[in-house]
Every structure is written in C-alpha cells, then in structure tokens.
Amino acid sequence: MEFRNALTILFSNIGYVFKIMLWIIISLIITAAVGVAILIPLWKVFTATTAVLPLVQDLQSTVVEVWTGSVNFRVAVFALVPQIVNILKELATNPGAMTGLVFTALLLYVIYSFVMGLSYYTIGDIINKLMASNLRFGFASNMALNFKKCCRYSFSRLLVSLPIDICCCVLGIFIAYGLFSVIKIFTLPVMLVIIVLFCSLRALLFSGWLPRTLHHPEERIFTSFSRAFTFVKSNLGGLFKAYFVTFSCVYLLASVLTVPTGGLIALVLPSIYYFLLRAVELVGYYKTKGYSFYVDGSTVVNTVEFGFRSSNQECRGCLSGDCASCVKKSVEDGAENNSATAQKEANEFETVKTDNNLSEAVTDCCDKEACPTENVQADSLQNEAQGGEK
C-alpha cells in the first residue's frame with residue numbers, strides 16, 4: 001500500500017520533482033564552492049610530496065575506457081580496484097595531508113547533507129497538505145515560511161545520521177575489501193544488495209520522525225523522534241518493503257540509464273526518490289493512524305481497514321496518549337462508566353417503583369370482610385365489649 005500510493009502521489013505531483021532537482025543543484029554548487037577552496041591547496045600538497053599524480057591519471061584513463069566501451073566491465077573492475085588501492089597507499093605516505101583529506105570529505109558531506117536536508121521538512125509539509133486537503137503550495141514559499149523549522153529538523157537529523165553513516169561506511173569498505181579477495185567479480189552484486197538493505201533500514205529508522213513533527217509541532221524535535229517509534233513499530237513490515245522496493249528501483253534505473261543519459265540521471269533520480277521517500281513516510285503514518293488521504297485530485301484512500309487491529313492494540317507505554325490503544329482504552333472506560341451509571345439509575349427506578357406498588361397494594365386492601373387483619377381486630381373488640389356487659 002505504501003509504495004503504490006506514494007507512487008501515485010508522485011505521478012500526480014510530478015512538477016515538484018523539478019523543483020527538488022533545482023534545490024539539489026543549489027546544494028551541489030554550495031558544497032563544490034567550499035570543496036574547491038579546500039581541496040585545491042590540499043591537492044597541491046599531495047602532488048608535491050607524493051607520486052600520486054601518475055596513479056590518478058591511470059585511473060582517469062581506465063574510467064574513460066569504460067565510458068567509451070573500449071573495455072568490458074569485468075576487465076574494468078580488475079583494473080580499477082588495484083589502482084584505487086595504490087592511490088590510497090600513496091596518499092597514506094603523507095599522514096598529515098591524508099588526515100586533512102578525510103576531514104575535508106567529512107565536512108563536505110556535512111554541508112551537503114545539511115543544505116539538502118532543509119528541503120525534507122518542506123517536501124514533507126507540501127505532501128502532507130496535498131494528502132490532507134489536496135491543497136498545493138509553492139516549494140520556495142513553503143521553505144521561506146518554515147525556514148526555522150527546516151533548519152531545526154535538518155540539523156537534528158544530521159546529528160543522528162552522521163555517526164550511523166560514518167560507521168556503516170567504514171564497515172562497508174572492510175566488507176567490500178574482504179569480499180573482493182574471496183569472490184572477486186561477484187563482490188559488486190553482493191555489495192549492491194548490502195547497500196540496498198542498509199539504505200532501507202536507515203530510511204526505516206527515520207520514517208516516523210518527520211510525520212510526527214508535522215502533526216505535533218508543539219513537541220520538541222527529539223521527543224517527536226522517540227515517540228515516532230510507536231507508529232513505525234506497528235507498520236514495520238509495510239514500511240520496510242516500500243523502502244526496499246524504492247531503493248531497488250533506484251539502483252536498477254541508475255545502472256540502466258546512466259550511460260544512455262550521459263550521467264544526467266544522477267540529477268533526476270535523487271529528485272524522484274527524495275519526494276518518494278517523504279511520501280512513503282506520510283502514507284505509512286496516515287495508514288497507522290487510520291486517516292483518509294488524497295492521492296490525486298479526485299481519489300481518496302480510506303485507510304480504516306488498514307488501521308490498528310485488536311491484536312496490536314496493546315499500549316506499550318507510549319508517552320503521547322494519542323495512540324490507537326490509548327484512544328480505544330479511553331473510549332472503553334467511558335462506555336463502562338456510562339453503562340454503570342445507567343444501570344444504577346435503572347436499579348433506583350425499580351426500587352422506587354416496587355415501593356410505590358407495595359404502598360398501593362396496602363392502601364387498596366381495605367375490604368374489611370376479606371382482609372384477615374381487619375377481621376381479627378374486629379372480633380377482638382367485639383369480645384371485649386361482650387365481656388364488659390357481663
């Protein structure tokens with residue numbers, strides 16, 4: 001459900017993809033401007049102190065041969081891996097410059113992630129309004145109105161994602177190096193599967209954060225992150241499948257269309273999956289909460305049938321008090337209280353009615369000849385009167 005409806009939202013609002021692509025270009029320009037200012041002096045230090053320049057030239061010639069089709073992919077892999085290893089070994093001969101290169105790469109990643117992350121809140125808010133009321137908002141105007149929130153969300157997300165990305169990147173390098181020494185050419189497909197799994201799990205980790213922030217703006221940003229796990233946990237399978245299909249399609253399209261499009265697909269694909277990921281997050285949130293939403297101008301999806309079932313209504317100690325289990329419990333408690341009050345009033349009414357019936361029965365029992373009590377009292381008075389006369 002998540003991937004299908006998110007894809008429908010994407011196709012019905014395809015114009016936003018070009019606006020996201022423009023923001024990607026802006027992010028790349030900002031990152032490149034900072035990178036050139038740092039990397040050019042650093043590269044001069046490397047070329048002056050190491051013999052890395054001929055190795056880089058050999059690497060460039062191999063890439064050109066692969067691009068033009070002069071060599072096949074198998075030959076290119078066996079040529080590129082040793083060349084990259086030799087370049088890294090040569091760079092390591094200058095530890096100071098190598099450390100500077102690592103920190104420069106990290107800085108550029110942080111700059112790009114932060115600037116690109118400013119669009120996440122904007123994209124999410126636009127999609128949320130499209131789904132809730134089919135209202136369209138401009139990309140630039142929405143970012144300007146919510147710029148403070150965009151900065152807060154992007155910075156907070158970067159604080160969480162950066163350590164995860166660094167650890168996984170280092171681990172991935174070691175895994176790839178170890179696999180290449182064992183299975184050689186088959187390392188690439190195995191690493192692609194590992195990368196898709198990692199990207200899916202990473203997206204799953206953040207899947208509830210943005211929707212929770214949009215729907216509960218009064219909460220602190222990290223409070224929203226912690227409370228979002230309640231909804232992610234209840235729809236874990238659906239979200240993971242949607243993300244796995246999304247990233248698989250992205251890598252498939254990238255591998256097929258990179259050469260025919262001259263590399264331009266590298267700008268289009270991120271624009272598509274940035275929008276698609278935000279749509280999957282919000283569709284999953286709406287599904288978990290049981291909300292209906294628009295997927296286009298004339299189609300509304302009812303998610304009540306996909307909402308919380310009785311089997312997963314147990315509250316796991318959520319702090320918000322607005323999850324389905326808490327709402328259900330509140331409704332049930334209210335129903336029990338109303339039932340008890342109604343039963344009490346019914347019992348009081350029956351008691352009063354019984355007392356009234358008894359009173360009426362005693363009052364109506366006035367036939368002295370038929371009433372045993374009245375007959376006994378009359379006989380007693382008559383006997384006393386006869387005894388007095390005697």
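Report whether or not Leu159 is out of contact with any Asp or Glu (no Cβ under 6 Å at 6 or more places or on another chain), hydrophobic (A, V, I, L, M, F, W, C) and assigned to a helix (DSSP H, G or I). The answer is yes for Leu159.
Entry remark, segment 50-70: residues being outside any helix (DSSP H, G or I) and surrounded by 13 or more Cβ atoms within 10 Å (Cβ to Cβ) number 1 in total. When Val63 is tested against the conditions (1) in contact with a helix residue (DSSP H, G or I) (Cβ under 7 Å, 6 or more places away or on another chain); (2) over 30 Å from Val280 (Cα atoms), the lone failure is (1). Taking the conditions (1) within 30 Å of Thr62 (Cα to Cα); (2) modelled with pLDDT of 90 or more; (3) open to solvent by 20 Å² or more (accessible area, probe 1.4 Å); (4) of a type outside the set (Gly, Ala, Ser) in turn, Phe114 satisfies each one other than (1). When each of Ser61, Ser27 is tested for being within 32 Å of the chain's Cα centre (by Cα) and not aromatic (Phe, Trp, Tyr), the lone residue that passes is Ser27. The number of residues in segment 119-131 being surrounded by fewer than 19 Cβ atoms within 10 Å (Cβ to Cβ) and either over 17 Å from the mean Cα position of the chain (by Cα) or among the polar types (S, T, N, Q) (or both) comes to 0. The residues of segment 255-268 that are touching a residue at least 12 places away in the same chain (Cβ under 8 Å) and open to solvent by less than 30 Å² (accessible area, probe 1.4 Å) amount to a single one, Ile265.
Highlighted here are the helices (runs of 4 or more DSSP H) found entirely within segment 197-254 that include at least 1 residues which are open to solvent by 10 Å² or more (accessible area, probe 1.4 Å), in contact with a His (Cβ under 9 Å, 6 or more places away or on another chain) and on the phi < 0 side of the Ramachandran plot: 221-227.
Taking the stated definitions as given, is Tyr153 modelled with pLDDT of 95 or more and either aromatic (Phe, Trp, Tyr) or crowded, with 16+ Cβ neighbours inside 10 Å (or both)? When the stated conditions are applied, Tyr153 passes them. Only residues that are exposed (fewer than 15 other Cβ atoms within 10 Å of the Cβ) and either among the hydroxyl-bearing types (Ser, Thr, Tyr) or under 22 Å from Tyr112 (Cβ atoms) (or both) were counted in segment 166-194, giving 9.
Can you spot a residue in segment 178-186 that is in a helix (DSSP H, G or I) and among the hydroxyl-bearing types (Ser, Thr, Tyr)? Scanning segment 178-186, I find at least one residue that is in a helix (DSSP H, G or I) and among the hydroxyl-bearing types (Ser, Thr, Tyr), so the answer is yes. Residue check: Asn134 meets all listed conditions (1) on the phi > 0 side of the Ramachandran plot; (2) loosely packed, with under 13 Cβ neighbours inside 10 Å but one, namely (2). Scanning segment 241-291 for residues that are touching a Phe, Trp or Tyr at 6+ places or on another chain (Cβ under 6 Å) and of a type in the set (Lys, Arg) turns up just one, Lys287.
For segment 190-229, the set of residues classified as touching a Ser or Thr at 6+ places or on another chain (Cβ under 7 Å) and β-branched (Val, Ile, Thr) consists of Val196, Thr213, Ile221, listed by residue number.
Per-residue answers, yes or no, for (1) in a helix (DSSP H, G or I); (2) among the aliphatic types (A, V, I, L, M); (3) open to solvent by less than 70 Å² (accessible area, probe 1.4 Å):
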position: Ile26; (1), (2), (3): yes, yes, yes
position: Ile29; (1), (2), (3): yes, yes, no
position: Ala32; (1), (2), (3): yes, yes, yes
position: Ala48; (1), (2), (3): yes, yes, no
position: Thr93; (1), (2), (3): no, no, no
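Tell me, which residue of segment 137-150 that is part of a loop (DSSP other than H, G, I, E, B) and open to solvent by less than 40 Å² (accessible area, probe 1.4 Å) is modelled with the highest pLDDT? The residue in question is Asn146.
The values are calculated or read from the model by the stated rules, or taken from the named source; none is laboratory data. Values in this document were obtained by computation on a predicted structure and should not be read as measured data. Backbone-built Cβ (ideal geometry, glycine too); neighbour counts: all protein chains shown. The protein model used for the area step is the full one, side chains on, heavy atoms only, and it has no ligands, DNA or RNA in it. Shrake-Rupley method; radii C 1.70, N 1.55, O 1.52, S 1.80 Å.
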